[in-house]
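Taken together, the values in this text are just the output of simple stated rules run on the coordinates, not laboratory data. Everything numeric here is computed off the predicted structure, so don't read it as measured data. Here the Cβ positions follow ideal geometry from the backbone for every residue, glycine too, while neighbour counts run over all protein chains shown.
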């Protein structure tokens, strides 16, 4: 589901603030840059508000944010809905005991880690990132949470690239985005 | 696995924080998710870890050295004593020995993020300090500065500018190199994100030697911004990062001598 379709008056401001940078990080990629959204305090606040309005009454106890841009959107949402924030990080960044999940990239693979003990069984979790492309990262995040017995209620992103069909890679879990970019 | 999870999930009660008479909350003896054996090892290694960390050679800043008086002013203080929220904040930070390498006592703020009230109090303490100061930019240093900076920016109505490792920011950037214990690193900021005359706050989770914050200050000043203050949750005062910021004030919530 996309809030884009709901035509919330705040959506135009949010969508217009995302800038597209061609050929980054490599030729042929049109990079969706959310940093310009962050330069507009009202648009940034509206973005967070849209997520908070959706999740505040859903008994979410954990917001898991994916390094690094998920760290920008996840904590404000967590703070507003009274949930804890759990950072999901690249290998070697989290101190202490972690669990890991490998996932496939276009070329090669990567790994996402979460702290042991951060999330308890039965917790209701939201996964947050700035963008969903192929869905590989979000899928790894979901696996980490489910591995410790949490229930992933939804994945939430600012932007979706629907042509890459990431939505289908979420093992049937719902995805909520604000903006679709083709 | 399940047993291990349960064991780690039941945290022992934290020792109370040490509240100094002048109002600065010092972190208590470290509290870990680890075993009693780890804690014994940690205390035994405490002196060694500090001296090995301090063996790093770095240049002192050329700016005015912060006196003890000024340093005290930069910590949470009021005439009525320490803010009551600080005790909970300090006690929710955990210390991990020997991370990322032997001898380092790593100050882990992720456990604070697991406590919604403590996390909210942390943000509130910064917001209360900065909301009347006409801050137009909050610059957060990757990656843990991305956790604390945006909530502060949102609450005070400032823009948020991420300061990143090389090649993460798309489009045109400016770069600043800074020293590490061994070698150098580079920090980048988007061209056009910050305007001349912008009043800026730099946010990170912790200040150690001050090299990273110093690089952030330089990037902002190069584009004509006025860095009003640097704000961190934790300071390691023995590493004298405060001195490296020159004449820029530093505000921290918690000081840690380990």
Seminar exercise, completed: Filtering the stretch A:104-118 for residues that are more than 7 Å from chain B (Cβ to nearest Cβ), without any contact (Cβ under 8 Å) to a residue 40 or more places away in the chain and not in a loop (DSSP other than H, G, I, E, B) leaves a count of 5
Exercise. Looking at the stretch A:20-42, is at least one residue facing chain B (nearest Cβ under 10 Å), touching a helix residue (DSSP H, G or I) at 6+ places or on another chain (Cβ under 8 Å), farther than 15 Å from residue B:190 by Cα and surrounded by 14 or more Cβ atoms within 10 Å (Cβ to Cβ)?
Worked result: yes
Exercise. Here is a list of conditions, (1) in contact with a helix residue (DSSP H, G or I) (Cβ under 9 Å, 6 or more places away or on another chain); (2) at the interface with another protein chain (Cβ under 10 Å from one of its Cβ atoms), and residue B:204 meets all of them except one; can you say which number that is?
Worked result: (2)
Problem set entry | strands (runs of 3 or more DSSP E) completely within the stretch B:105-201 that count 3 or more residues being over 16 Å from the mean Cα position of the chain (by Cα) and at the interface with chain A (Cβ under 9 Å from one of its Cβ atoms) | B:159-163
Exercise. Restricting the first residue to the stretch A:68-85 and requiring it to be facing chain B (nearest Cβ under 7 Å) and in contact (Cβ under 8 Å) with a residue 24 or more places away in the chain, which pairs with a second residue that is buried (at least 24 other Cβ atoms within 10 Å of the Cβ) and in a helix (DSSP H, G or I) meet a Cβ separation below 6 Å and a spacing of at least six or different chains?
Worked result: A:72/B:146; A:72/B:150; A:76/B:150; A:76/B:151; A:76/B:154
Exercise. If we keep just the residues of the stretch A:88-99 that are part of a strand (DSSP E or B) and touching a residue at least 24 places away in the same chain (Cβ under 8 Å), which is surrounded by the fewest Cβ atoms within 10 Å (Cβ to Cβ)?
Worked result: A:99
Exercise. Any idea how many residues of the stretch B:243-256 are in a loop (DSSP other than H, G, I, E, B) and over 14 Å from the mean Cα position of the chain (by Cα)?
Worked result: 3
Exercise. Of the numbered conditions (1) more than 26 Å from residue B:157 (Cβ to Cβ); (2) surrounded by 14 or more Cβ atoms within 10 Å (Cβ to Cβ); (3) touching a helix residue (DSSP H, G or I) at 6+ places or on another chain (Cβ under 8 Å), residue A:61 satisfies every one except a single condition; which is it?
Worked result: (3)
Exercise. Does residue B:227 count as over 20 Å from residue B:180 (Cα atoms) and free of Cβ contacts under 8 Å to residues at least 40 places away in the same chain?
Worked result: yes
Seminar exercise, completed: In the stretch A:151-168, anything touching a strand residue (DSSP E or B) at 6+ places or on another chain (Cβ under 9 Å) and under 21 Å from residue A:29 (Cβ atoms) is listed as A:157, A:158, A:159, A:160, A:161, A:162, A:164, A:166, A:167
